[in-house]
Amino acid sequence: MTQTALSDKKEGIPLLQVALDYISLPSAIAMAVRVAPFVDIVEVGTPLCKAAGVEAVRAIREVCPDKLVLADFKTPDVGGLEAQLAFGNGADMMSVIGGAPLATVRAAFEVAQQENKEILMELTGVRDILARAEEWREIGVQRMVYHRGWDEEAADRAWSDDDRSVIGRLIEMGFKVTVTGGITVESLPLFQDLPVSVIIAGRAIHRADDPPAAAQRLRSEIHRLWGQQ
Ligand code: 5RP
């Protein structure tokens, strides 16, 4: 994986991941080519996985050969097979939805172990995050995505101290935490005192007037804020 590539990065500075939440593969490929030079990880977004299938994973891997690629499957069942599909088509990481049964998490995790890749637990909609995290830790999962979903954001769910506190607890438990959900340059300082591993930005990059400049600005702001510590 990935573990090697991730651990090569500068200690303490979160990586930047762009989420390609498209339903058109050609549009996603065009955007990946433009912004990949300014990010660390390229995410094949869930809508893209559903619209274009594993062909999307394969195509993004092909146009971003030197980037980490995450397949955001948000897998709810058939974890082993979906992990094989993600990794077999070039992904370094894939996500499993937090509501999935432990058997599904274990099945995806075992394939990831065999392939030297990683899975991430996606926390959208999970209410008892800390209790579930204990169970995922027993399986061996190391990464999770703390996510304010698009629909929650549209329903006016703002980031809160409760979010920050749960993220902090997960990091204390030893998890590597990715934060996402409508992140912009302006919202980065909310997480600045937390040693998060990865920050995902989707719309803030691909819907910007100048996506490469938006990605560059996010990356330099991440370096400025986390580099001060
Ligand atoms: C939606 C997702 C998105 O990829 C994630 O929210 C990042 O995109 P944005 O920065 O636009 O919110 O997983 O379910």
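Between I97 and T75, E122, the built amide H atoms are under 5 Å apart, and every one of these is 5 or more places off in sequence or on another chain.
For segment 78-229, the relative contact order comes to 16 percent (Cα pairs under 8 Å, sequence separation of at least 6).
Peptides 158-165, 11-18 ordered by packing proxy, namely the average of other Cβ atoms within 10 Å per residue, highest first: 11-18, 158-165.
Out of all Cα-Cα pairs in the chain, roughly what percent, to the nearest whole number, are more than 28 Å apart? Roughly 23 percent, once rounded to a whole number. Considering only V57, V69, V78, the mean-square fluctuation computed in a Gaussian network model of the chain, springs between alpha carbons under 10 angstrom, is largest for V78.
Between D66, D40, D128, the residue with the greatest mean-square fluctuation in the GNM of the chain (Cα pairs under 10 Å linked by springs) is D128. Report the FRET efficiency, 1/(1 + (r/R0)^6), for R157 and E62, where r is their Cβ-Cβ distance and R0 is 25 Å, rounded to 0.05. Computed FRET efficiency for R157 and E62: 0.10.
Under a Cβ-Cβ cut-off of 13 Å, what is the net charge of the residues other than L102 that fall near it, where Lys and Arg count +1 and Asp and Glu count -1? That works out to -2.
Under a Gaussian network description of the chain, with springs only between Cα atoms under 10 Å, the residue in Q113, Q216, Q84 that fluctuates furthest is Q113. Between A51 and A30, the modelled label-to-label distance comes to 1.2 nm, taking each label 7 Å out from Cα in the direction of the beta carbon. The lysine pair count for segment 10-227, using Cα distances under 17 Å and pairs eight or more places apart or on different chains, is 6. Stretched out straight at 0.36 nm per residue, the stretch from L81 to Q192 would grow longer than its current Cα-Cα span by 36.2 nm.
All of the numbers you see were taken from the coordinates with simple rules; none came from a lab. Please read all numbers here as calculations on a predicted model, not as lab measurements. Cβ sites come from the backbone with ideal geometry, for glycine too, and all protein chains shown count toward neighbours.
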